[in-house]
Amino acid sequence: MSANGNYPDIPRVDARDKVRGATRYTADHVIPGLAHAMLAVATIGRGRVVSIDTNAARAVPGVRLVLTHLDTAGLQSAGFLMNGGYGFQSLQPMLGAEIAYRGQPIALVVADTPEAAIEGAALVRATYEQEAISVTLDAPGAETLAQADSPLPKPAFADRVVGDAEGALTTAAVRVDTTFQGPPQHQNPMELLATVAQWRQGVLTVRDPTQNAEAVRHGLARVFGLTPDKVEVLSPTVGGGFGQKNSLQAHTALVALAARQLDRPVKLVVPRAQIFHNASFRPASHHTVRLGADASGRMVAAVHEIDHQTSRHDLFPLSYADVTSRLYGIPNFRGRERLVRNDIQTPGYARAPFEHIAVCAFESAVDELASKLGRDPVAFRIANDAAVDPLTGRPFSSRHVAACLERGAKKFGWENRTHEPGSMRLADGTLVGWGVAIGAYKAATAPAIARLRVTDTGGVFVSVGGHEMGQGIRTAIATTVAMELGVPAETVNVAVGNTGAVPQHLTAGSWGSATALPAARQAAMDLSQELQRLGGNGPPGRTPQQILRDAGRPFLDVEARHRAPGQPEAIFDRLSQGLPSGAGPVYPEFVSFSYCAHFVEVRIEPRTRRIRVPRVVSVLDCGRVVSPRTARSQVVGGVVWGIGAALREASEVDPRYGGFVNADIAEYVIPVNADIGSIDVEFIDEPDPVLNSMGVKGLGEVVMVGVAPAIVNAIHHATGRRIRHLPVRIEDLL
Ligand code: MOS
């Protein structure tokens, strides 16, 4: 650490490789004898395959194998990640004739070249028995499931209730009663899903871009009836995950099966349109938010009711109200979360999966309430800040919401805002709106094991559970170890995403730093101590390399472990079985969240109503910032995504046929460079005093929370219109 206690702003340790094109992603791997695969998918929304004709596919020159559900005897599903299994859903395609959703794989064609595999897959013909479908929240035939009806464990799918919200609403001086609709959205990481599978002497090696190498490994072991030591998974670099790559994918076992049958390595790169239908996504959700305040402007009651899409085959655990119940110090809160079952693949986590849209609904309502009270939206939020966790009464490990709002307001120049909607026009008639919203996201922690080796040739090798998806975890780990050992960060070799090294817990839920860094730091501290012992009698100021040489030791190894406060030692057994083992936001002694405040300016062209976002100011409370460079980058990415979610993104559904009709990034509209103006990022950078020894919370997801409602609120300020759905488009403002 530098003199002021801050970590240095070092470049990404993998930056040079990335810009030189030296970083190899899964699809870049070429192995001698490699065959190429392509999937054929169902063209009905629900039903079963009656017959499947693969003759034309087999006749394509170069096609070596066509697998269908008739070729999978003896395999079993890896199960659903959120219910004791390892897959993104419990349904493993091609284990039977049933079709649960449009786009479900029905055949895998393998050929000497990708072109032949693609041609073959296009020639697979199936006949089906079709059934009626429901693919939207309000469709007839969609089954709605309340918490009481769910067989899921209650804490995983729980209504959040404190006090008497309905009673307090009745007597509140001022009330708002609002709805909000969130559309389905797809993450679209730049790197496509892909698998390279190879069997050698009964051992399966799989390269697969994943946030959860251990689940891929144990999932494949379960599918093939192998012991986990017969499977290894390598995922050293991932080109974006965002929750889509958090478990075993639908295609991975099929590629491994083909490789076993052909006795050749096989590669599949899943086309974008198929990913829209065969991986998790952010499902549609519908929100009702009712708020009440007393005459002094203190919020006294809130009700937040949510309906959320899931598949027919899986019940997804929800936690929308986990965050909205803690945004403010509201003493009476009732959350209610319901699942609506549709004929879709199981949706899942997508960056701030619940928090982004839950807080969008809630913060829009808060803005409306502040308006009704005639209060400034920043002052109103600060006045309603929480002193302790309203649900449990426990203290927050750290909470700098008010500081985020105050610093953001100052940077943004909020004091120049005029209150009335439509009051800040430019001379040419352009409507200007300034909006604000806060965000929160659980500060979670998972168990981690770190192994550290230093050698007498100056090598430093650290291996720890984690996955590099571009968020910068390698850089943060290297920085942590380098600071502790007093060596340059670029000399630290970091191994992540490798099941052959140490157990690899799912990297998600924004717990990557709070999980890997304390373990890596502990290993470095232990190693420093060992070195001190070893070099005790020698001259001071020697490097680790010199100490080892002087002691005649070629290398020194240590292993350290870290787990969340309150977690038992047995959590490491779950870790080694590839099962989700994260803790938080509620710990035995405290409750832990990261926070942010976003300030947004929108400009709306008076005739076309085109909405632009020329500037955003974001202030983040994520505890200690270990890697300023990559942290800032994460914030910019999250703000861009928030702009996309507010103004562009929706996965379009045709209720007659199912599936998603804009299944590519030409028609699934995301912001381009010209859509993004200034994004000014500031960190509170106060270490959390109790969550872990480094004071780090989480950052990746909280950054996106609150961006969309700040934009929606700014649009109201510009136009006087309260839009109650995302995305907000030109036609909403005509
Ligand atoms: Mo994140 S959506 O928890 O990978």
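The values are calculated or read from the model by the stated rules, or taken from the named source; none is laboratory data. Since the structure is predicted, the reported quantities are computational estimates derived from the model, not experimental observations. Using ideal geometry, Cβ is built from the backbone for each residue, glycine included, and neighbour counts are taken over all protein chains shown. All accessible areas refer to the heavy atoms of the entire protein, side chains included, with ligands and DNA or RNA removed. Shrake-Rupley method; radii C 1.70, N 1.55, O 1.52, S 1.80 Å.
Points worth noting:
- Taking packing as the residue-averaged number of other Cβ atoms within 10 angstrom, the listed peptides 549-562, 432-445 run from highest to lowest as 432-445, 549-562.
- Binning all Cα-Cα separations of the range 413-529 at 5 Å, short to long from zero, yields these whole-percent fractions: 2, 11, 18, 17, 11, 6, 4, 5, 6, 7, 7, 5, 2, 1.
- Mean projected area (nm²) of the alpha-carbon convex hull when the range 386-426 is viewed from all directions: 4.5
- Alpha carbon Rg of the range 1-53, scaled by the compact-globule rule 2.2 N^0.38 Å: 2.40
- Both numbers refer to the Cα atoms of the range 348-465; Rg and Dmax are 21.7, 70 Å.
- Percent RCO, i.e. relative contact order, over the range 1-132, from Cα pairs under 8 Å lying at least 6 residues apart: 38
- P(r) tail for the range 448-494: Cα pairs beyond 15 Å make up 38% of the total.
- When each of the peptides 675-683, 38-46 is scored by the mean number of other C-beta atoms lying within 10 Å of its residues, the order from highest to lowest reads 38-46, 675-683.
- Rolling a 1.4 Å probe over the protein heavy atoms of the range 53-212, with every protein chain left in place, gives an accessible area that is 53 percent carbon and sulfur.
- Whole-percent carbon and sulfur share, accessible surface of the range 425-486, 1.4 Å: 51
- Taking label positions 7 Å along the Cα-Cβ direction at both A148 and M190, the computed distance is 5.1 nm, reported to one decimal.
- Radius of gyration (Cα atoms) of the range 217-267, expressed as a multiple of 2.2 N^0.38 Å: 1.22.
- Semi-axis lengths (Å, descending) of the ellipsoid that matches the C-alpha gyration tensor of the range 588-709: 32, 19, 12
- DSSP-loop trypsin sites (Lys or Arg not before Pro) across the range 613-665, with at most 11 other Cβ within 10 angstrom: R656
- Amide proton proximity set for V300, modelled H, under 5 Å, gap of 5+: G292, A293, D294
- The share of C-alpha pairs in the chain whose separation exceeds 42 Å stands at 29 percent.
- The range 518-637: equivalent-ellipsoid semi-axes (sqrt of 5 x gyration tensor eigenvalues, Cα, Å): 46, 24, 13
- Among 456-467, 24-35, the peptide with the highest mean count of other Cβ atoms within 10 Å heads the list, and the full ranking is 456-467, 24-35.
- Spatially, the range 467-523 and the range 384-426 are offset by 33 Å when compared through their Cα centroids.
- Residue-normalised accessible area of the chain, expressed per residue, 1.4 Å probe, Å²: 36
- The range 315-384 - convex hull of the alpha-carbon atoms, volume per residue in Å³: 108
- On the range 527-664, 48 percent of the accessible area sits on carbon and sulfur atoms, based on a 1.4 Å probe.
- With 0.36 nm allotted per residue and the present C-alpha distance subtracted, the E569-Q76 stretch has 174.4 nm of extension available.
- Relative contact order for the chain: 17 percent, from Cα pairs under 8 Å spaced at least 6 residues apart, divided by residue count.
- With the convex hull constructed from alpha-carbon coordinates only, the range 142-266 shows a mean projected area of 12.8 nm² over all directions.
- Our Cα-only numbers for the range 41-164 put the radius of gyration and Dmax at 19.3, 70 Å.
- For the range 253-335: span of alpha carbons on each principal axis (Å, largest first): 74, 22, 19
- Rg(Cα) / (2.2 N^0.38 Å) computed for the range 98-178, rounded to two decimals: 2.07
- Contact order normalised by residue count of the range 583-706, Cα under 8 Å, 6+ apart, percent: 36
- Working from label points 7 Å from Cα in the Cα-to-Cβ sense, the R200 to R425 distance is 7.2 nm.
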